[in-house]
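These notes are about the structure you will find just below.
FYI, it's all coordinate maths here, none of it is from the lab. Source: prediction; values computed, not measured. Note: ideal-geometry Cβ built from the backbone for every residue, glycine included; neighbour counts use all protein chains shown.
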Amino acid sequence: MNFETFFAKIGFRLYSKSRKINRLCLRAEKNIIDGLTEIKSTPKLEEIKSRDLYLGPLTNTHHSHYENIKLLLRVLETRGRLRWLCFRIMPTTFPKSYDYTRLRVLLMILINWKNFSSTVLSRLKTEERANQEDKIVDIYEFTHPDINFKIKKNATYLLGKELSQKINFIEVISLVRNPHTQFILGKLLFWDSMKVMTYLRDRQDFLENSLVTQYLKFFPDFVTEVHRDSKFSFDFHESAHSTFDDISNIGSRSYNSLNNVEIWHQRFIIEGSKWHIIDSTYTPHSKFVAGHWQFMEQVPDTVNHVFIKRPVSKRRKRFTHAILLMGRADENWYHFLLDTLPRYLFMKNIDAKVPVLVRADIPKTSIALIQKVMSRRVVLVAPGDVIAVDTLYFIAARSTVYDSAPPRKVEQVAFSPRTLKRQRSWLLDGISGHLEVTPPEKIFLPRKAKYRNMLNVDQVGRCLDNFGFHSLEIDENFYTRQHIYFSKANLIVSPGGAILANILFMKKGSKIIAMRSWRDSKLNLWKTLAEACDVEYGEVIGIPTYFGRNFLARQHSNFYIPLVLVRKYLKH
């Protein structure tokens with residue numbers, strides 16, 4: 001590596017963090033342009049095309065063992081693609097691929113390698129082609145599979161093209177033999193194409209330089225990626241930082257409206273070239289915002305614009321009036337119940353003819369709940385839909401929790417006790433249903449999940465049996481009646497997770513005991529929720545199993561609960 005390339009990498013890395021033009025970047029631009037003048041005198045320069053991954057019809061063709069390993073590595077490059085293939089093509093072997101840890105999925109593939117190779121990998125191939133007849137499967141389908149999606153027998157599917165997280169170039173046996181490495185821009189593209197893309201999108205003059213444009217023709221997929229997103233300024237609604245209780249103080253006319261807007265990806269309110277942020281926890285200035293990562297990247301505090309991926313517009317719908325009741329993470333019961341549903345309390349008096357927009361990809365039980373408690377038309381919005389609305393009604397207010405550190409002097413967790421009580425009454429009055437048997441007063445919920453999983457849950461369950469607890473199986477039958485179990489119980493023990501959002505339904509004076517890892521000690525989410533609902537709170541702290549460098553892996557580490565602590569706590 002020569003010094004100019006080394007300094008260019010430092011400059012681009014600094015820019016990706018601060019979005020401020022530095023001298024090293026400007027120096028890199030000059031050196032790139034100077035170097036590209038040699039492109040006309042380089043007879044060996046050849047176009048490098050991307051090789052995309054395709055899922056084709058089942059054939060008798062079998063790949064070599066080496067080819068199968070390469071294909072598996074390609075599958076792993078896009079988040080959720082491996083689980084999706086197992087879920088779609090081998091449902092009998094992988095009935096719950098989305099509930100398993102990644103390690104467990106890989107172990108099951110290893111155990112069933114012969115079957116996986118002949119059933120899944122034999123249908124995969126990498127090719128340099130762009131066939132208009134190919135059906136595109138985007139990354140959202142991998143992470144949120146649509147129950148209505150069916151793989152057709154003779155169709156070919158392009159996997160992950162529209163929302164690919166990585167730009168894949170044809171394999172280069174040796175960088176020394178690759179003619180592009182004599183150019184600084186080529187070296188930077190092979191080093192980190194995403195950092196280069198971030199820089200070029202903000203430096204239009206440099207991107208449109210004739211020499212740069214000419215050179216980038218050798219990287220067609222990169223050019224597609226650069227121009228795929230739309231640039232938006234953004235602003236925060238004046239009530240975006242308010243809590244629901246703050247909104248309730250305004251009075252009956254507490255809802256907001258915007259005219260002539262579009263809704264992208266079920267969550268972004270777009271007006272022309274502006275993105276309206278109605279919830280401060282959605283801020284692109286945070287390090288991480290769940291539900292946003294696949295559509296946009298976070299930006300430093302000094303930047304007031306973002307690039308949002310254009311929707312894969314399957315359908316366009318237009319409404320004269322509509323109520324927005326969609327959030328960024330509604331597939332999660334916690335966010336749906338405590339961040340999205342409360343907003344409707346402030347819009348119940350809007351004309352009954354105005355439909356309410358709800359995400360189509362949330363669990364069926366969540367959709368059923370909405371349909372029970374709302375006496376108006378419910379419109380299910382698919383992930384690829386673009387919704388145009390002449391007048392959009394919504395509630396501008398913060399959600400209950402920031403996914404990462406909030407702005408200074410802002411609480412990371414904030415509940416609204418008055419609104420929670422109103423919501424509890426509204427939902428319990430509107431949901432009909434009963435249990436065939438008297439619900440137990442002492443309940444243990446043996447939650448098993450992909451993240452923050454209590455590894456010795458069976459042993460804990462047997463221990464709690466000795467104290468008179470009744471363990472409930474967490475299945476669809478439970479989810480349709482969860483409000484009843486929580487509203488009738490006097491004492492509930494459960495590992496921390498979205499299921500504890502049901503503390504909302506517990507009666508005043510009842511008690512919840514959360515079992516969690518000490519990794520979450522700073523957040524105190526469930527304790528704060530219990531206090532807001534007048535529910536007594538206790539907890540048993542477990543030991544995490546991951547101590548590596550990855551921050552998110554540490555936060556979502558599985559854990560063990562020492563049985564001696566369980567016995568000691570319950571005896572008191």
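In the chain, the DSSP beta bridges split such that about 40 percent are antiparallel, to the nearest 5. Each residue of segment 52-159 gets 107 Å³ once the volume of the Cα convex hull is shared out per residue.
The mean sequence distance of close C-alpha pairs (under 8 Å, at least 6 residues apart), as a share of the length of the chain, puts its relative contact order at 12 percent. Within segment 436-503, the chymotrypsin sites (Phe, Trp or Tyr not before Pro) that combine a DSSP coil assignment with at most 15 other C-beta atoms in a 10 angstrom radius are 451, 467. Could you work out how far the C-alpha centroid of segment 256-327 sits from that of segment 383-416, in angstrom? Rounded to whole Å, the Cα centres lie 10 Å apart. As a rough footprinting exposure proxy, the listed residues 20, 125, 274 were ranked by other beta carbons within 10 Å of their own, and the order from fewest upward is 20, 274, 125. Computed about the Cα centre, the dipole magnitude for segment 233-394 is approximately 800 debye when only Lys and Arg (+1) and Asp and Glu (-1) carry charge, each at its Cβ. Given +1 at the Cβ of Lys and Arg, -1 at the Cβ of Asp and Glu and no other charges, the dipole of the chain around its Cα centre is 740 debye to the nearest 20.
The GluC sites (Glu not before Pro) of segment 195-249 meeting both criteria, a DSSP state outside H, G, I, E and B (loop) and at most 12 other C-beta atoms within 10 angstrom of the site's C-beta, are 208, 238. Set against the labelled values (i) 26.0; (ii) 46.0; (iii) 29.6, mean projected area of the Cα convex hull in nm² computed from this structure falls on (iii). What the pair-distance distribution of segment 433-571 shows, using all Cα-Cα distances binned every 10 Å from zero, is 12, 43, 36, 9, 1 percent.
As a size descriptor, the averaged projected area of the C-alpha convex hull of segment 355-485 was calculated at 12.4 nm².
Here the contact order of segment 52-159, divided by its residue count and restricted to Cα pairs under 8 Å and six or more residues apart, works out to 50 percent.
Using only helices, what value at 222 nm comes out for the chain when you add -39,500 (n - 2.57) per DSSP H run of length 4 or more and divide by the total residues, to the nearest 500 deg cm²/dmol? It comes out at -9000 deg cm²/dmol, rounded to the nearest 500. Averaging Cα coordinates gives a centre for segment 180-232 and one for segment 527-545; these two points are 49 Å apart. Name the trypsin sites (Lys or Arg not before Pro) in segment 298-336 that are in a loop by DSSP and that have at most 16 other C-beta atoms within 10 Å, would you? Loop-located and lightly packed - 314, 315.
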